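Okay, structure first, notes after.
No value in this document is a laboratory result; all are computed from the given coordinates. Only a predicted model underlies this, so the values are computations on that prediction, with no experimental measurement involved. In this analysis, Cβ positions are derived from the backbone assuming ideal geometry, glycine residues included, and neighbour counts consider all displayed protein chains.
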Amino acid sequence: MNTSTNTSTNTGTHRDNRTLASRLPASRRPPRVATARRFLMCPPTHFDVTYSINPWMRPEAGADRSRALAQWARLRDLYRELGHTVEEIPPAPRLPDMVFAANGATVIDGRVLGARFRHPERAAEGPAYLAWFTERGYGATHAPRFVNEGEGDYLLAGRMILAGTGFRTEPRSHEEAEEFFGLPVVSLTLVNPAYYHLDTALCVLSETEIMYYPGAFDAGTRAVLESLFPDAVLAGPEDAVVFGLNALSDGRHVLLPSAAGRLAASLAARGFEPIGVDLSELLKAGGSVKCCTLELRRDH
Ligand code: ARG
């Protein structure tokens, strides 16, 4: 094969950092493989918008709880139809945001780092989620010293933890997480209040691939993301604003808000199978697919 026109040779000024697989035409790429996951979800039985701790929340507008319940149940059923296991934690009254299970903890290799919420309105959720794990015999549970909002700000990419800060999780928590899990943590700084958790601006698609909205991060973080993930799917503001990044990938299927049409097309072009989900009622509290989903990684 004549490779003289191949831009991937590193002899010139242009260096092509993309992975080999992504340089193949779509038809020659290996098929995407889903792996069975275990999730924890919390039904929005007590869901409401009664306070405002992010720019999406308008207490004066409220929310339709029965609609939220129906949309949430659809997401849960979809996971099950795809072969995943969904466990449910009982919702607590007076904790209207408890539906956002992603914030309840971070679970890697069966080790559970509890959450410690920034705002008093959600403080009681931390112990409630941690108790669920201890009652179920998770041995290594850790009550956190520093503020961290679970998988809202901690996302596992391969064996590396991508960690958000800027609005909720404290930088000191990143060190705490690194020590507790024994995995490298890459700190990423969020700067746009509309994207206050990492999972509102970045989604892990596979062990080595992510999608993100560059506009949510500071310049230093954008440079870090470019060098770690030169292949990343980049979302535009129109996808970010409908919470398109607040998605869940099982390696093949990517469940994301149905309004994120352009992003779904980019994912399909990469060989993923995007599945649109309507969680518009939950968006009134500033959450969508990923926020409602905590991954339980028992081992690796
Ligand atoms: N109202 C909640 C809050 O502001 C929404 C949490 C969304 N969760 C997430 N993982 N991004 O805390």
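Placing +1 on each Lys and Arg Cβ and -1 on each Asp and Glu Cβ, with no other charges, gives segment 55-172 a dipole about its Cα centre of roughly 180 debye.
Projected area of segment 149-220, taken from the Cα convex hull and averaged over every viewing direction, in nm²?
Averaged projected area of segment 149-220's Cα convex hull equals 4.3 nm².
Taking a ≥ b ≥ c as the square roots of the Cα gyration tensor eigenvalues, segment 53-206 comes out rounded, since a/c falls below 1.5. Our Cα-only numbers for segment 193-279 put the radius of gyration and Dmax at 11.9, 34 Å. Sparsely packed loop sites in segment 69-153 (the chymotrypsin sites (Phe, Trp or Tyr not before Pro) outside DSSP H, G, I, E and B with at most 11 other Cβ atoms within 10 Å) do not occur. For the chain, the Kirkwood hydrodynamic radius comes to 19.6 Å, computed from all pairs of different C-alpha atoms.
Neighbours of LEU155, meaning other residues whose beta-carbon lies under 10 angstrom from its beta-carbon, give a summed charge of -3 when Lys and Arg score +1 and Asp and Glu score -1. Against the main long axis of the alpha-carbon atoms of the chain, helix 171-181 sits at an angle near 80°. Annotation: amide H-H contacts under 5 Å for THR293 (H modelled 1.01 Å from N, sequence separation of 5 or more, or interchain): ALA101, ALA102.
Count Lys and Arg as plus one, Asp and Glu as minus one, and take only other residues whose Cβ is under 13 Å from that of LEU95; the net charge is then -2.
Using the Karplus relation 6.51 cos²θ - 1.76 cosθ + 1.60 with θ = phi - 60°, the per-residue 3J(HN,Hα) values for segment 145-152 come to 7, 10, 4, 8, 10, x, 5, x Hz, with x marking Gly and Pro.
Which of the trypsin sites (Lys or Arg not before Pro) found in segment 21-114 are in a DSSP loop and have at most 11 neighbouring Cβ atoms, other than their own, within 10 Å? Don't skip to the end; give the middle numbers.
Numbers: sites: ARG23, ARG28, ARG32, ARG37, ARG38, ARG65, ARG67, ARG74, ARG76, ARG80, ARG94, ARG111; in loops: ARG32, ARG37, ARG94.
Listed in order of number, the matching sites are ARG94.
Between helix 219-228 and the chain there is an angle of about 60 degrees, using the helix long axis and the longest principal axis of the Cα atoms. Report, to two decimal places, the Cα Rg of segment 43-89 normalised by 2.2 N^0.38 Å (N = number of residues). It is 1.40. Values of log10 I(q)/I(0) for segment 63-131 across q = 0.15, 0.19, 0.25, 0.28 Å⁻¹ run -0.59, -0.90, -1.20, -1.26, by the Debye formula with one identical scatterer at each alpha carbon and no solvent. When the square roots of the Cα gyration tensor eigenvalues are ordered a ≥ b ≥ c, the ratio a/c for segment 239-300 is 1.5 or more and a/b does not exceed b/c, which makes its shape oblate.
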